[in-house]
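Reviewing the structure listed below.
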Amino acid sequence: MTSRPELQAPPEIFYNDDEARKYTSSSRIIDIQAKLSERAVELLALPNDDVPRLLLDIGCGSGLSGETLSENGHQWIGLDISQSMLDVALEREVEGDLVLGDMGQGLGLRPGVIDGAISISAVQWLCNADKSSHEPRIRLKAFFGSLYRCLGRGARAVLQVYPENLAQRELILGFAMRAGFSGGIVVDFPHSTKRRKEYLVLTCGPPSSAAPRGKGEDGESCSDEDSSGDEDNQSVCISDRHRPRKKQRLNKKMKGREWVLKKKEQMRRKGNAVPADTKYTARKRKARF
Amino acid sequence: MRLLTHNMLSSNIKGVTNGFPLLIEVEKVVEKQVDFNEDFLRNMFAKIEWKALVKASRTMGYTELPENSEASMLNSDEFLRKFHHALLELHLEEGALVCPETGRKFPVNKGIPNMLLHEDEV
C-alpha cells in the first residue's frame, strides 16, 4: 500500500468528504499546512510596504493556506478541483474567493493582474494521468503557461511540491522554464528525510535577486526555532528503532549461574537426579558454537 | 464570489479568443462587510477593467458607480467607498457566469463558480 495520495485516486475523488474533514479536525495537518504556507509567503518576497496584494492560491483546498494570506492582510483567490474541500473552506468562512477549477486546464484569468501566487502540495498532481484524456505534459504546459500570463511582471510564484522522484522534479521544473519563468528549487532541510520540503520559486521575467536559500542547508543543524528534538532524535536512533523488541528484553533478564544453581537445588530437594555443581555449570558457550 | 474575482476571470474554453468579461446571471446576491483599505484600492485600480466592473455591478443591482473613471478620482473618499463596496462587498451567491462568445454557462453555487471544463472544451 502506498502512502502517496497521488497514486491512490484522482484529486477530486481522493479529497472526498471524509478526507476533507481531516483538514478541519487534525491539528497536525493544520499545523504543517500553516508552516508551509508561512514559508511560501516568506519566499514570495512581496515588497514590505503594508499594501495588500491580490494573490492566487492554487490548490487552496480547505483554505488553510489562504488563512495565512489573510493574516498577512492580502486579498486572495483560491482555486481547487475538489468540491468537498471547498465546502469545508466555506464552513471555515475563509476571506478569499473560491473557484472550482482544474489547474491542468489552464487558469482562465486575465493577463498581468495577479501580484503573486502560492501553491501548497498541489502541482505534483499534474504529473498523473487520471483520465484517458489527461496528458501530463499538455496539462503542465497549460498550467505554467496560464500562470505566467496572469502574473504581473516581476511577480513571483512559490509552489511547494512533493515530487515523487528526480524525473518528476525535472519534468515540472522544465515546463516552468519553458513557460518563461526564471528561478529554481529551494530545498529546506535537505538532509532530513521527514522535514525536507521543496519549493519551486519562479519569477516572471528576469530574476529580481539571487535565489533565496533553503533552511538548514550546508551543515547548519536542522534544529531551528521549533524542532522540539523529537523528530531529530528519531532520525539519529534509527538502529535502535529497528531492533526487535524481544531481543532487547531477553538481554536484560538473562538467566545467569545463580538462577541455574537455585533451580538445581530445588530439583535435588524434590529427590530428582541432578548432576553435581562444577565450574562448568551454567558457563557461557563460546561465540563460535 | 466578489466582483474583484469576476473582474479577473475569463472564459478558458478552447478556441475562444475574447472570453472577457463573463456575463452574470443573478439569482441571489449577498452583501458582506469588508474592512476598507485605501492602499489596496489604489493598487488595484490600474488592474481593474472599469467597464466590466460597472456593468457587473449594475447587473447585481448596484448603480452608484460612474460610467467612466480616471486616476484623479481616487482622491475622492466618496468614490473610493463606492469602488470598495462594488469590488469587495457584493457577493454573487447563486447564479451563473456566461461565456460572452459561446454562451456556455458556468454555474455559481454557494458563491463558488464552477469553472471546470468538459473534455471537449480543453
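Interface of A with B. Using a 1.4 Å probe and counting protein heavy atoms only, the two chains hide about 2500 Å² of accessible surface, both sides summed. For the peptide B:35-46, the mean number of other protein chain Cβ atoms found within 10 angstrom of a residue's Cβ is 3. Look at the Cα gyration tensor of region B:11-56: its axes a ≥ b ≥ c give a/c of at least 1.5 with a/b at or below b/c, and that counts as oblate.
Suppose accessible area is computed on protein heavy atoms with a 1.4 Å probe; arrange A:D57, A:D50, A:D17 from highest to lowest. Spell out each step's value before the answer.
On the way: A:D57 0, A:D50 135, A:D17 100 Å².
Ranked from most to least accessible, the order is A:D50, A:D17, A:D57.
Which entries of B:K32/B:K105; B:K14/B:K47; A:K141/B:K105; A:K131/B:K105 have Cα-Cα distances beyond 28 Å here? With Cα atoms farther than 28 Å apart: none of B:K32/B:K105; B:K14/B:K47; A:K141/B:K105; A:K131/B:K105.
The heavy atoms of A:S132 offer some 120 square angstrom of accessible surface to a 1.4 angstrom probe.
Tally up the carbon and sulfur contribution to the accessible surface of the protein assembly as shown as a whole percent, 1.4 Å probe, everything protein left in place. Answer for the protein assembly as shown is 49 percent, counting heavy atoms of protein chains only. Cross-link partners for A:K194 among the lysines, with Cα-Cα distance under 23 Å and sequence neighbours closer than 8 places in the same chain left out: A:K22, A:K35, A:K215.
When the Cα gyration tensor is reduced to axis lengths a ≥ b ≥ c, the ratio a/c is 1.5 or higher for region B:13-122, and with a/b above b/c it is classed as prolate.
Taking only protein heavy atoms into account and a 1.4 Å probe, give the accessible area per residue of region A:1-137 in Å². Per-residue value: 41 Å².
Write down the accessible area per residue of chain B in Å², having rolled a 1.4 Å probe over the full set of protein chains.
Numbers: 5920 Å² over 122 residues.
Per residue, chain B has an accessible area of 49 Å².
Solvent-accessible area of A:M85, all protein chains in place: 10 Å² (probe radius 1.4 Å, heavy atoms, ligands and nucleic acids excluded).
Looking at region A:1-65, none of the trypsin sites (Lys or Arg not before Pro) sits in a DSSP loop with at most 12 other Cβ atoms within 10 Å of its own Cβ. Peptides A:103-110, B:90-97, B:51-58, ordered by how many other C-beta atoms sit within 10 Å of their residues on average, highest first, read A:103-110, B:90-97, B:51-58. Extending 7 Å from Cα along the Cβ direction at A:T24 and again at A:E71 yields two label points whose distance is 2.0 nm. In terms of its C-alpha gyration tensor, region A:51-113 comes out oblate, because a/c is 1.5 or above while a/b does not outweigh b/c.
The values are calculated or read from the model by the stated rules, or taken from the named source; none is laboratory data. Source: prediction; values computed, not measured. FYI the Cβ positions are ideal-geometry reconstructions off the backbone, even for glycines, and counts take in every protein chain you see. Just the protein is used for accessible areas: all its heavy atoms, side chains included, with ligands, DNA and RNA removed. Shrake-Rupley method; radii C 1.70, N 1.55, O 1.52, S 1.80 Å.
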